[in-house]
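Here the structure comes first, spelled out in structure tokens, and everything after it is commentary.
The values are calculated or read from the model by the stated rules, or taken from the named source; none is laboratory data. Treat the numbers as computed from the prediction; the structure is a model and nothing was measured. Virtual Cβ from ideal backbone geometry, glycine too; neighbours counted across all protein chains shown. To get the accessible areas, we keep the full protein, side chains included, count just its heavy atoms, and leave off ligands, DNA and RNA. Shrake-Rupley method; radii C 1.70, N 1.55, O 1.52, S 1.80 Å.
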Amino acid sequence: MPALRLGSIAPDFEAQTTKGPIKFHEWIGDSWAILFSHPADFTPVCTTELAEVARRAPDFAKRNVKVIGLSANPLNDHDKWVDDINDYGCKFAPTNVQFPIIADPDRKISELYDMLDAQDATNVDAKGIPFTIRTVFVIDPKKIIRLTLSYPASTGRNFDEILRVIDSLQIGDKYRVTTPVNWKKGEDVIVHPSVSNEEAKTLFPDFTIHKPYLRTTPLKVE
């Protein structure tokens with residue numbers, strides 16, 4: 001199938017998860033979604049990541065984002081692993097994994113989303129079949145892929161950065177703005193090039209012209 005790119009419709013699928021069977025598009029509903037893969041259950045980096053995502057549940061909820069993990073292990077392994085994740089996470093702060101984790105032992109969904117590791121020869125199961133890398137897909141309510149990230153199996157993801165990008169995407173969808181380097185919510189944004197100076201006077205009365213093509217403005221958002 002063609003490569004998944006930004007702007008592609010996220011492929012739909014049915015799957016068994018720790019929260020029961022799902023149809024992916026139906027599960028997303030009118031929310032944003034993060035689909036993120038893990039090489040395997042009972043692995044150290046993955047355990048730290050899922051604990052962090054569980055602790056950040058309020059941050060995802062206030063952005064109307066649903067989170068769903070995927071690992072190439074059977075469902076019964078996932079259930080046992082969740083206990084370990086909660087136990088480890090509670091060493092730092094209350095941790096309770098409530099988001100679903102997809103069981104993908106046959107790699108059907110991993111192949112559909114091109115998540116399998118083609119680099120690390122050690123990232124394989126007992127049969128030599130590749131596990132996944134640390135892939136992230138951010139999907140909007142229209143089921144359009146808005147962000148993709150791929151981390152090697154050896155490197156844990158930065159969920160502060162993933163939340164930052166979601167903030168940028170959501171603000172850009174609501175207002176005619178883009179966001180500059182290292183931007184964080186609450187900081188000045190860039191007036192979109194499609195907005196004329198005359199329009200900007202109405203839309204963004206406090207905007208500043210730095211260059212004809214670079215204009216910034218404060219933006220109050222809810």
Taking the chain as the reference, fit the longest principal axis to its C-alpha atoms, fit the long axis of helix 75-89 to the helix C-alpha atoms, and give the angle between the two in degrees, 0 to 90, nearest 10. 60
If you take every DSSP beta bridge fully contained in the chain, what fraction is antiparallel? Give it as a percent rounded to 5. 70
GNM flexibility winner over the chain from P212, P141, P193 (Cα, springs under 10 Å): P212
Kirkwood hydrodynamic radius (C-alpha pairs) into Stokes-Einstein, the stretch 76-119, 25 °C and 0.890 mPa s, D in µm²/s: 198
Of all trypsin sites (Lys or Arg not before Pro) in the stretch 1-88, the ones in DSSP coil with at most 11 other Cβ atoms within 10 Å are R5, K62
For the chain, report the accessible area per residue in Å² (1.4 Å probe, heavy atoms, rounded to an integer). 53
Could you run the Debye sum over the Cα atoms of the stretch 8-157, one equal point scatterer each and no solvent, and tell me log10 of I(q)/I(0) at q = 0.09, 0.12, 0.18 Å⁻¹, two decimals? -0.25, -0.45, -1.09
Over the chain, with a Gaussian network built from C-alpha contacts below 10 Å, which listed residue (F92, F42, F24) shows the highest mean-square fluctuation? F92
Taking a 1.4 Å probe, which of W27, W32 shows the most accessible area, and what order do the others take after it? W27, W32
Max mean-square fluctuation residue, GNM over the chain, Cα-Cα springs under 10 Å, options I209, I166, I34: I209
Hey, what angle do you get for helix 159-174 against the long axis of the chain, alpha-carbon based, 0 to 90 degrees rounded to 10? 40
